[in-house]
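The values are calculated or read from the model by the stated rules, or taken from the named source; none is laboratory data. Predicted, not measured: the structure shown is a model, and the values here were computed from it. Positions of Cβ are generated from backbone atoms using ideal geometry, with glycine treated the same way; all protein chains shown enter the neighbour counts.
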Amino acid sequence: MSASGVRRPRLAVHKFASCDGCQLQLLNLEDELLPLAERVEIAHFLEASSHVEPGPWDVSLVEGSVTTAHDAERIVHIREDSAVLVTIGACATAGGVQALRNDADLEEWKAHVYPEPRWLETLATSTPISAHVKVDHEIQGCPVSGAQVLRVLLRLLLGTQPDLPVHAVCIECKRRGATCVLVTRSLPCLGPVTRAGCGALCPALGRDCYGCFGPADDPNPEALAAQLRRLGHSAADVARRFRGIYNAATPFRRVAGALEREHD
């Protein structure tokens, strides 16, 4: 309840398999969080406070992918207790870097990474939240843009739909006046197929986009891969570009697989 006795919407932030970076983006909002906290009740956010309250929640933000049987059970209960469920970040929306194991030998990977792999209980795959429950909205990024998360929350509180960009990073480069590193320096930039939202941060600093906001709406990664090959990049190198943070996103996974078969 607010000081006036009006019920405030209840917000929860949940973590699954992830690095916590998207939650930290929320905390990095700092000044913006104060007025937000006056308008919503932050009922569950372990990254910010050990005091948590059970559902139901009006809005749940979910970071991280499902990688264990316990995760798969927990997300179902969170969905049942959430009026609106929003996934935030690459792990929650596409499985994250850990989804690289989806096409690998899990036991072999465990043996390389952990000194006692027999103690590790995990699923063979890392999957997005949408593979297990209905997701109302997705916010891409690794990490997400804190400003985008705040924008989505505010629009939900106002009873309107989020309006995040779906076009490619190239549009943001043009708006910033950034020189195209693909054209001028033949760098393996994924900007033409990557969703906008980062403000073209990397190209504006003279380096190539590595796809940390996932595929743009209706991308054509095959055409970009062919262009990168014409610029002298090997099939293996181009495949590795698409096997990055959003490696399990269907458009990126499809073209990476084709390039790897070509390389073999």
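Collect the residues in the range 184-207 that are in contact (Cβ under 8 Å) with a residue 12 or more places away in the chain, assigned to a loop (DSSP other than H, G, I, E, B) and within 14 Å of E172 (Cβ to Cβ), keeping them in residue-number order.
C189, L190, A196, G197, C198, G199, A200
Only residues in the range 90-109 that are surrounded by 24 or more Cβ atoms within 10 Å (Cβ to Cβ) count as the first member; pair them with residues that are charged (D, E, K, R), Cβ under 6 angstrom, at least 6 apart or cross-chain, and list the lot.
A92/E63; T93/E138
Only one of V52, V76 is free of Cβ contacts under 8 Å to residues at least 60 places away in the same chain, of a type in the set (V, I, T), part of a loop (DSSP other than H, G, I, E, B) and farther than 22 Å from C198 by Cβ. Can you tell me which?
Testing whether each residue is free of Cβ contacts under 8 Å to residues at least 60 places away in the same chain, of a type in the set (V, I, T), part of a loop (DSSP other than H, G, I, E, B) and farther than 22 Å from C198 by Cβ leaves just V52.
So if I check each of E222, E262, which one is outside any loop (DSSP other than H, G, I, E, B), at pLDDT 95 or above, surrounded by fewer than 23 Cβ atoms within 10 Å (Cβ to Cβ) and of a type outside the set (K, R)?
E222 is the lone residue from the list that is outside any loop (DSSP other than H, G, I, E, B), at pLDDT 95 or above, surrounded by fewer than 23 Cβ atoms within 10 Å (Cβ to Cβ) and of a type outside the set (K, R).
Out of all the residues in the range 139-178, which are of a type in the set (D, E, K, R) and in contact with a strand residue (DSSP E or B) (Cβ under 7 Å, 6 or more places away or on another chain)?
none
Please go through (1) farther than 18 Å from R243 by Cα; (2) at pLDDT 90 or above for A92 and return the number of the only condition it doesn't satisfy.
(1)
Taking the range 110-147 on its own, how many of its residues are modelled with pLDDT under 95 and out of contact with any helix residue (DSSP H, G or I) (no Cβ under 8 Å at 6 or more places or on another chain)?
8
How about the range 155-172: which of its residues are in contact (Cβ under 8 Å) with a residue 12 or more places away in the chain, within 23 Å of Q25 (Cα to Cα) and either surrounded by 15 or more Cβ atoms within 10 Å (Cβ to Cβ) or touching a His at 6+ places or on another chain (Cβ under 7 Å) (or both)?
L156, L157, P162, L164, P165, A168, V169, E172
Just to be sure I understand, how many residues within the range 226-251 are outside any loop (DSSP other than H, G, I, E, B) and in contact with a helix residue (DSSP H, G or I) (Cβ under 7 Å, 6 or more places away or on another chain)?
8
Kindly evaluate R254 against the criterion of being under 26 Å from G64 (Cβ atoms) and either part of a helix (DSSP H, G or I) or without any contact (Cβ under 8 Å) to a residue 40 or more places away in the chain (or both).
The answer is yes for R254.
To keep it simple, each residue is scored yes or no on (1) in contact with a strand residue (DSSP E or B) (Cβ under 6 Å, 6 or more places away or on another chain); (2) modelled with pLDDT of 95 or more.
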{"position": "R8", "(1), (2)": "yes, no"}
{"position": "L11", "(1), (2)": "yes, yes"}
{"position": "H14", "(1), (2)": "yes, yes"}
{"position": "C22", "(1), (2)": "yes, yes"}
{"position": "L27", "(1), (2)": "no, no"}
{"position": "L33", "(1), (2)": "no, no"}
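Consider L33 carefully, then state whether it is surrounded by fewer than 19 Cβ atoms within 10 Å (Cβ to Cβ), of a type outside the set (V, I, T), in contact with a Leu (Cβ under 7 Å, 6 or more places away or on another chain) and not assigned by TED's automatic domain parsing to the domain that holds F242.
No.
Here are the criteria: (1) touching a residue at least 60 places away in the same chain (Cβ under 8 Å); (2) within 23 Å of R151 (Cα to Cα); (3) among the small types (G, A, S). Tell me which single one A43 does not satisfy.
(1)
Please specify each residue of the range 225-251 satisfying the condition of being surrounded by fewer than 18 Cβ atoms within 10 Å (Cβ to Cβ), touching a residue at least 40 places away in the same chain (Cβ under 8 Å) and aliphatic (A, V, I, L, M).
L231
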